[in-house]
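J.: Can you keep this structure in mind? I'll have questions shortly.
The values are calculated or read from the model by the stated rules, or taken from the named source; none is laboratory data. The structure displayed is predicted, hence computed values, not measured ones. Neighbour counts are summed over all protein chains in view; Cβ atoms, including those assigned to glycine, are modelled from backbone coordinates with ideal geometry.
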Amino acid sequence: MMGMDLQNGRVEMGHGAGGRAMARLIGQLFVEAFDNPILRREHDAAVFDLPPGRVVMSTDTFVISPLFFPGGDIGSLAVHGTVNDIAMAGAVPKYLTAGFVLEEGFPLADLARIVDSMARAARDAGVEIVTGDTKVVERGHGDGVYINTAGVGVVADGVDIAGDRARPGDRVLISGTLGDHGVAVMSKRENLGFGTDLVSDSAALNGLVADMLAACPGIRVLRDPTRGGLAATLNEIAQQSGVGIELMEDAIPVRGAVKSACELLGLDPLYVANEGKLIAICADQDAGRLLAVMRAHERGGDAHIIGSVLADQRRFVRMKTRLGGTRMVDWISGEQLPRIC
Amino acid sequence: MKYIEEFRDPDLAQGLARAIRAEARADHAYRFMEFCGGHTHAIARYGVTDLLPANVRMIHGPGCPVCVLPVGKVDEAVALAGLDGMTLCTYADLLRVPGSGYDSLFKARARGADVRMVYSTQDALQIARDNPARQVVFFAIGFETTTPPTAVALTQARAEGLKNFTVHCNHVLTPAAMRAILDGGQDGVEIDGFVGPAHVSAVIGTKAYAPFSDDYGKPVVIAGFEPLDVMQAVLMLIRQVNAGKAVVENEYTRAVSFDGNLKAQALTDTVFRLRDSFAWRGLGDIPDSALSIHDDFADFDAERRFAIDTPTPRENKACACGDVLRGVKTPEDCKLFGSTCTPDNPMGACMVSSEGACAAHWTYGRFREGGRG
């Protein structure tokens, strides 16, 4: 088979048509990069065994602009996102699928960068990409690349993590600084363009979760505050558990650069997306131990206890402000829009 | 964040709260209007209300650019956006404001209109330069803060001879709205003093507020948008009230001068002229309260360039935005608040912008039963 021009070539309609061009794309790019015994069998479906335990499954679709951003790209993000969704059930992620929607004309060199980045992210997270799919849409009908990943993992007996398990008196912990991903991505959007050294926090959190569960198997809730930020995640948990949550603004870690960018754009870091942070809720007596384990892990160095769970039939999330007042931390409504003046 | 965190310092806030409690007379009710949505937002977001004694009440004013825009103007924006070959640019908040039948620019965009959210008039100009085959209209809204950037864009467009850039001007004037509130008569709200605008005052200067102290006998303290600014201004207002004084004071000396930004004022005078009258949401028709584009820039005036025909605007009769904007009602006095009207599904403009009184109370303050927020 002829090689593809991975330096100057572009995605063509034929790359999704089921013929030789598609076979070359799959063989030379995807199989080469994701290489593992299950994938190499090139069946339409991957066949594998799973270790004992309950099976956890999740899927996520990634449509980010720009495709490459400081600290990551759509490829690494697509792996981290699904790995983290599985890890937030207290499970060990094992296998991923990858579906690509490519826009005609997209540079193959960029696609290769994205695929390599996915492969690296999967290796680092200890998961294998075992099957996939490619479709090509006409120029103008896509935004370069969309990626869907789905994944399976296994949760050990005795681990019971769910959004409805928060109880009054529990403590809320965060694994690190808020808003790094959202602000890093925004800084590269063409209509904003502000200078910052910030990089996305995009990272797989299954290693951190494993350490946390080893030290504290009774963790009640784990969530990664992605879209909608910390505010959306805590409101979901308050709804599902039928409780209130009170945060201490003082305790929530936010980098200076994120604060400044949010100030400039009229945004609130509590609502900005994260891709490498988790929040944990555990019983009060476990909180100190859990915090120490999180801080000892490279993904949890800036971990803090940021609040408590309260009895509240209205299921409000509120926050003691630094100033000494109290305010609600509500769901975001629509997009977070900048203020005018 | 240097030079910002200092104005959110908890110890200083507690000190100011103690001073306010000590100086506010127990036998007196203090009713201060913060004119600007920026102040409304700061008060709600930082929980400033919790630091004020019960007899010091903040009344939210109309200084929220999208809130004061009447439904008819939103309809005009939607109609403009629907014209063939048109790209409509505006500031973000406006996209969600409901017009007649709850139509909005967001919905127009979903129907296929080219509606762009911009951070600056410069972005709108650039879109025009990059797309010579399209007509680009900047739907300009806002008080005196956003007026000079619109003026700059118009002068640039004229200098460059751009044929495809126009401005639909809806810029409004702060002092006119303050006067309308004080002239409200029996239906009006009792106000003991104003926390005056921050950014607006950086443009128009403290001199613009003399009529309110001199003619109306109301104390005015210009304040920055940080929580300590607001608390300091409240303390200064309490001191004026206690002393029976009514003067214009400036708490925001780090940005505001007596004269304001003379260069911006001169440019604004060149590019715009006073409208005879402008319809405000909640405040009705107010003479000499808004700007239109000067004849010298007629080629860049969307109102003259594009004929649009919008039917009589329809407002939800139960929406109390108008009364909320005048300070006559609190958000919780409105029947729609929190039931049919929430930020996810706003019925009125006050629920749209984060600077709107209803949105601020819903988002930050509604855990307080009874509406002190």
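J.: Can you pull out every residue in segment A:77-123 that is of a type in the set (D, E, K, R) and either more than 14 Å from A:Y146 (Cβ to Cβ) or not assigned by TED's automatic domain parsing to the domain that holds A:A150 (or both)?
T.: A:D85, A:K94, A:R113, A:D116, A:R120, A:R123
J.: Out of (1) assigned to a helix (DSSP H, G or I); (2) within 14 Å of another protein chain (Cβ to nearest Cβ); (3) within 30 Å of B:L83 (Cα to Cα), what's the single condition that is false for B:A359?
T.: B:A359 satisfies all of (1) assigned to a helix (DSSP H, G or I); (2) within 14 Å of another protein chain (Cβ to nearest Cβ); (3) within 30 Å of B:L83 (Cα to Cα) except (3).
J.: Sticking with this structure for a sec: Regarding segment B:49-61, can at least one residue be identified that is within 30 Å of B:L95 (Cβ to Cβ), out of contact with any strand residue (DSSP E or B) (no Cβ under 7 Å at 6 or more places or on another chain), not polar (S, T, N, Q) and not assigned by TED's automatic domain parsing to the domain that holds B:I286?
T.: no
J.: In segment B:260-279, what residues are part of a strand (DSSP E or B) and touching a Gly at 6+ places or on another chain (Cβ under 9 Å)?
T.: Start the filter on segment B:260-279 by keeping residues that are part of a strand (DSSP E or B), which leaves B:272-274, B:277-279.
Residue satisfying the conditions is B:A279 alone.
J.: Please verify whether segment B:45-53 includes one or more residues that are part of a helix (DSSP H, G or I) and more than 8 Å from every other protein chain (Cβ to nearest Cβ).
T.: There is no residue in segment B:45-53 that is part of a helix (DSSP H, G or I) and more than 8 Å from every other protein chain (Cβ to nearest Cβ).
J.: For the structure I just gave you, tell me whether A:A210 is within 14 Å of another protein chain (Cβ to nearest Cβ), touching a strand residue (DSSP E or B) at 6+ places or on another chain (Cβ under 8 Å) and hydrophobic (A, V, I, L, M, F, W, C).
T.: Details: within 14 Å of another protein chain (Cβ to nearest Cβ): no; touching a strand residue (DSSP E or B) at 6+ places or on another chain (Cβ under 8 Å): yes; hydrophobic (A, V, I, L, M, F, W, C): yes.
The answer is no for A:A210.
J.: Take the residues in segment B:325-346 that are within 14 Å of chain A (Cβ to nearest Cβ) and part of a loop (DSSP other than H, G, I, E, B), then tell me which one is surrounded by the fewest Cβ atoms within 10 Å (Cβ to Cβ).
T.: Looking at residues that are within 14 Å of chain A (Cβ to nearest Cβ) and part of a loop (DSSP other than H, G, I, E, B), I get B:D344.
J.: Taking the condition part of a helix (DSSP H, G or I), of a type in the set (D, E, K, R), assigned by TED's automatic domain parsing to the domain that holds B:D301 and farther than 28 Å from B:G205 by Cα, does B:R116 pass?
T.: no
J.: Separate question: I'd like to verify a number: residues in segment B:13-30 that are of a type in the set (A, V, I, L, M) and at the interface with another protein chain (Cβ under 9 Å from one of its Cβ atoms), how many?
T.: 2
J.: Then there is this: Looking at segment B:111-155, which of its residues are more than 26 Å from the chain's Cα centre (by Cα) and within 18 Å of B:A298 (Cα to Cα)?
T.: Residues satisfying the conditions are B:A128, B:Q135.
J.: Okay, next question. Just checking, how many residues over segment B:159-187 are more than 19 Å from B:H60 (Cβ to Cβ) and either small (G, A, S) or touching a Phe, Trp or Tyr at 6+ places or on another chain (Cβ under 6 Å) (or both)?
T.: Going through segment B:159-187 one residue at a time, the tally reaches 6.
J.: Filter segment B:254-291 for residues that are farther than 25 Å from B:V68 by Cα, without any contact (Cβ under 8 Å) to a residue 24 or more places away in the chain and either charged (D, E, K, R) or touching a strand residue (DSSP E or B) at 6+ places or on another chain (Cβ under 9 Å) (or both) and give the result.
T.: B:K263, the sole residue that qualifies.
J.: Those residues that are surrounded by fewer than 24 Cβ atoms within 10 Å (Cβ to Cβ) and at negative phi, I need them from segment A:301-317; list them, please.
T.: Scanning segment A:301-317 gives A:G301, A:D302, A:H304, A:I305, A:I306, A:S308, A:L310, A:A311, A:D312, A:Q313, A:R314, A:F316.
J.: Then there is this: Do you know which residues across segment B:74-122 are away from chain A (no Cβ under 13 Å), under 17 Å from B:M351 (Cα atoms) and either in contact with a strand residue (DSSP E or B) (Cβ under 7 Å, 6 or more places away or on another chain) or not charged (D, E, K, R) (or both)?
T.: Once the filter is applied, which keeps residues that are away from chain A (no Cβ under 13 Å), under 17 Å from B:M351 (Cα atoms) and either in contact with a strand residue (DSSP E or B) (Cβ under 7 Å, 6 or more places away or on another chain) or not charged (D, E, K, R) (or both), segment B:74-122 yields B:V74, B:G99, B:S100, B:G101, B:Y102.
J.: Yes or no: segment B:33-40 includes at least one residue that is surrounded by fewer than 23 Cβ atoms within 10 Å (Cβ to Cβ) and either closer than 29 Å to B:L182 by Cβ or at pLDDT 90 or above (or both).
T.: no
J.: Also: So how many residues does segment B:65-78 have that are crowded, with 20+ Cβ neighbours inside 10 Å and in a helix (DSSP H, G or I)? Can you show your working first?
T.: Initial filter on segment B:65-78 (crowded, with 20+ Cβ neighbours inside 10 Å): B:65-71, B:73-78.
Going one step further and asking which of them are in a helix (DSSP H, G or I), we end up with B:71, B:73-78.
Within segment B:65-78, residues that are crowded, with 20+ Cβ neighbours inside 10 Å and in a helix (DSSP H, G or I) number 7.
J.: Looking at B:A153, B:A157, which one is in contact (Cβ under 8 Å) with a residue 60 or more places away in the chain, of a type in the set (G, A, S) and within 27 Å of B:S289 (Cβ to Cβ)?
T.: Criteria check complete, one pass: B:A157.
J.: Which residue is farthest from B:V167 (Cα to Cα), if the candidates are limited to segment B:280-324 and must be part of a loop (DSSP other than H, G, I, E, B) and among the aliphatic types (A, V, I, L, M)?
T.: Taking the candidates together, the pick is B:A318.
J.: Pairs needed: first member in segment B:23-47, closer than 23 Å to B:N242 by Cα; second member anywhere, acidic (D, E) and surrounded by fewer than 24 Cβ atoms within 10 Å (Cβ to Cβ); C-beta distance under 8 Å; at least 6 residues apart or different chains.
T.: Between residues of segment B:23-47 that are closer than 23 Å to B:N242 by Cα and residues that are acidic (D, E) and surrounded by fewer than 24 Cβ atoms within 10 Å (Cβ to Cβ), the close pairs are B:Y30/B:D192; B:R31/B:E190; B:R31/B:D192; B:F32/B:D192.
J.: So which of B:A307, B:A290 ends up being farther than 22 Å from B:T40 by Cα and either within 14 Å of another protein chain (Cβ to nearest Cβ) or at pLDDT below 90 (or both)?
T.: Result of the check over B:A307, B:A290: B:A307.
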